[in-house]
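Peer 1: Before I ask anything, here is the structure I am working with.
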Amino acid sequence: MRSPLGHRLRLLPALVLAVVVAACTTTVPGTPIGQGSVVSRDEPGDPGGVDPSFVENTDNGEIDRLAATVITDVRTYWEQTFPGTFGKEFSDLKGGYFSVDTSDAESDAPPCADRANDVEGNAFYCPTADIIAWDRAALLPVLRDRFGEAAVMLVLAHEFGHAVQNRTGAGLEQRKENPKRFPTILIEAMADCYAGSFVRWVADGKSQHLNIAKERLDSALESLISFRDPIGTEQTDRGAHGDAFDRVSAFQDGYEKGVDLCAKMTVDNRTFTLSGFIDAGDQARGGNLRFEQIVDSISPKLNEYFAALMTKSGKTWTEPKISTVGQVPQCGGGKQGPVAYCPDGGRVEVDNKKEMPKIHADIGDYATGALIASRFGIAALAIAGKPTDGAQAQKSAVCLAGSFTGSLFAAEQRFLSPGDLDEAVQVLLDYDYAARDAKGDAIDAGFDRVTAFRDGFTQGGEKCGLT
């Protein structure tokens, strides 16, 4: 937030991915999540998947086998889905699919590149040649090892989404002719949405060779947000793809609502949260407050928001007293995490010595803000006479944190800094604290926590179960 809260990037090992034609240039932060398989295998040792012989320049190795498997099932998905969505048959890529060994300077270059090492760290769709190419040495194995096989599935499905756009009136020529109608950020959101619709098809068991369990969706989202734009990028930037919230929102919309929504995205019906810094001071600070400043900065806004929301619900808001404690708060059996709502006296306690400062430093100040907002959500449930434990309370706590955040985004005076929403998404994926009820039970899947937060952000607190 801007002079309340702001953003700080996670300083973690990075991989630079400069995606040539799709302009997917970004830094990929993250820590290893695991190599959860998405390729169906009949028995231990079975490589599974599809023979990659149709891929140009393949080495027939496990990475190209994984890529070929994804491409095969994505192609099947669009063969089945395209006619009902666009009223015509899907035509496969005329130029084909290319694997590039960027570790070998003498390796063949794909179309749209002069040399093999031009593709280093890249995966891209080239509309002039109608091809998809990937780096099998320095991109796909890194994504697989850091985020699991689901990351490879998501990246290639995204690039295939660009091929779909080129067949449906949102291709390169249309973008050149009318850049205001087809800004890059919209084109990338559509591709993320198409990828989400495909992943849902896989999750529903319709894919021949791929599968993805619900818990693997979290790693898919982790890989997606690693492609977010650098903090402070403007929406009008020629290469803008969106912040983490934009990208996750597009993917989840495709996953939850289907390909028709993706196809109908326009600049008129899509709101993006990516933004640049609006003053030099905010930029110089990185928009970030120190941990000890957070409580004083966010408390007035929280109380103002929840007082107005409770009035709409016919209740009177009682302001919780926020106090810092040098340990995990012990109220509620000490199971709510580093921020807790304490019904005794209506307090919200914040750990200011151990885990909460670490989360703040690792992710950013709005990670702290979102967790505090979720505890105000539990307080609101208590005041409204609603249960403060159970599945509905868990969802409501995150939803109310999202609705509060949405009020800051919509405010005439800007309170959120670039990156704040990235921090909210990151803390929701990495930790279940925002979704813990008064007894410490929580929504298990980060994917579902982000969904609940987005519900509040987009629909408002009235949709969060207070009435």
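The values are calculated or read from the model by the stated rules, or taken from the named source; none is laboratory data. Quick caveat: nothing in here was measured; it's all calculated off a predicted structure. We place every Cβ from the backbone using ideal geometry, glycine too, and count neighbours over all the protein chains shown.
Peer 1: Checking the condition over 27 Å from Asp237 (Cα atoms) and either crowded, with 17+ Cβ neighbours inside 10 Å or not assigned by TED's automatic domain parsing to the domain that holds Thr69 (or both), which residue from Ala137, Ala189, Ala170, Ala163 passes?
Peer 2: Ala137
Peer 1: Spot the failing condition for Ala391; the list is (1) surrounded by fewer than 18 Cβ atoms within 10 Å (Cβ to Cβ); (2) within 19 Å of the chain's Cα centre (by Cα); (3) closer than 20 Å to Asp218 by Cα; (4) not hydroxyl-bearing (Ser, Thr, Tyr), and only one is missed.
Peer 2: Looking at each condition in turn, Ala391 falls short on (2).
Peer 1: If you scan region 421-452, which residues turn out to be of a type outside the set (A, V, I, L, M) and farther than 19 Å from Ala340 by Cβ?
Peer 2: Correct list: Asp422, Glu423, Gln426, Asp444, Gly446, Phe447, Asp448, Thr451.
Peer 1: Now, a different point. Among the residues in region 209-227, are any under 15 Å from the mean Cα position of the chain (by Cα), under 24 Å from Pro179 (Cβ atoms) and not assigned by TED's automatic domain parsing to the domain that holds Pro418?
Peer 2: Yes.
Peer 1: Tell me which residues, restricted to region 213-248, are β-branched (Val, Ile, Thr) and surrounded by fewer than 23 Cβ atoms within 10 Å (Cβ to Cβ).
Peer 2: Passing the criteria: Thr233, Thr236.
Peer 1: Now for a separate question. Looking at Lys180 and the list (1) in contact (Cβ under 8 Å) with a residue 24 or more places away in the chain; (2) basic (Lys, Arg); (3) part of a helix (DSSP H, G or I), which single condition is not satisfied?
Peer 2: Tallying (1) in contact (Cβ under 8 Å) with a residue 24 or more places away in the chain; (2) basic (Lys, Arg); (3) part of a helix (DSSP H, G or I), Lys180 fails exactly one: (3).
Peer 1: In the list Gly456, Gly440, which residue meets the criterion of being more than 20 Å from Phe227 (Cα to Cα) and part of a loop (DSSP other than H, G, I, E, B)?
Peer 2: Gly440
Peer 1: Let me ask something else about it. Could you pull out the residue among Phe376, Phe404, Phe415, Phe453 that is in the same structural domain as Pro338 (by TED's automatic domain parsing), surrounded by fewer than 24 Cβ atoms within 10 Å (Cβ to Cβ) and either under 18 Å from the mean Cα position of the chain (by Cα) or in contact (Cβ under 8 Å) with a residue 60 or more places away in the chain (or both)?
Peer 2: Selected residue: Phe415, the only one of Phe376, Phe404, Phe415, Phe453 that is in the same structural domain as Pro338 (by TED's automatic domain parsing), surrounded by fewer than 24 Cβ atoms within 10 Å (Cβ to Cβ) and either under 18 Å from the mean Cα position of the chain (by Cα) or in contact (Cβ under 8 Å) with a residue 60 or more places away in the chain (or both).
Peer 1: Residues in region 121-133: is at least one without any contact (Cβ under 8 Å) to a residue 40 or more places away in the chain, in contact with a helix residue (DSSP H, G or I) (Cβ under 8 Å, 6 or more places away or on another chain), buried (at least 23 other Cβ atoms within 10 Å of the Cβ) and within 24 Å of Leu210 (Cα to Cα)?
Peer 2: Within region 121-133 (the criterion being without any contact (Cβ under 8 Å) to a residue 40 or more places away in the chain, in contact with a helix residue (DSSP H, G or I) (Cβ under 8 Å, 6 or more places away or on another chain), buried (at least 23 other Cβ atoms within 10 Å of the Cβ) and within 24 Å of Leu210 (Cα to Cα)), the answer is yes, since at least one residue qualifies.
Peer 1: Out of curiosity, is Gly446 touching a Ser or Thr at 6+ places or on another chain (Cβ under 8 Å), under 19 Å from Asp246 (Cβ atoms) and either buried (at least 19 other Cβ atoms within 10 Å of the Cβ) or not assigned by TED's automatic domain parsing to the domain that holds Glu355 (or both)?
Peer 2: No.
Peer 1: If the requirement is being free of Cβ contacts under 8 Å to residues at least 60 places away in the same chain, part of a helix (DSSP H, G or I) and of a type in the set (Asp, Glu), which of these qualifies: Glu106, Glu173, Glu188?
Peer 2: On inspection, the qualifying residue turns out to be Glu173.
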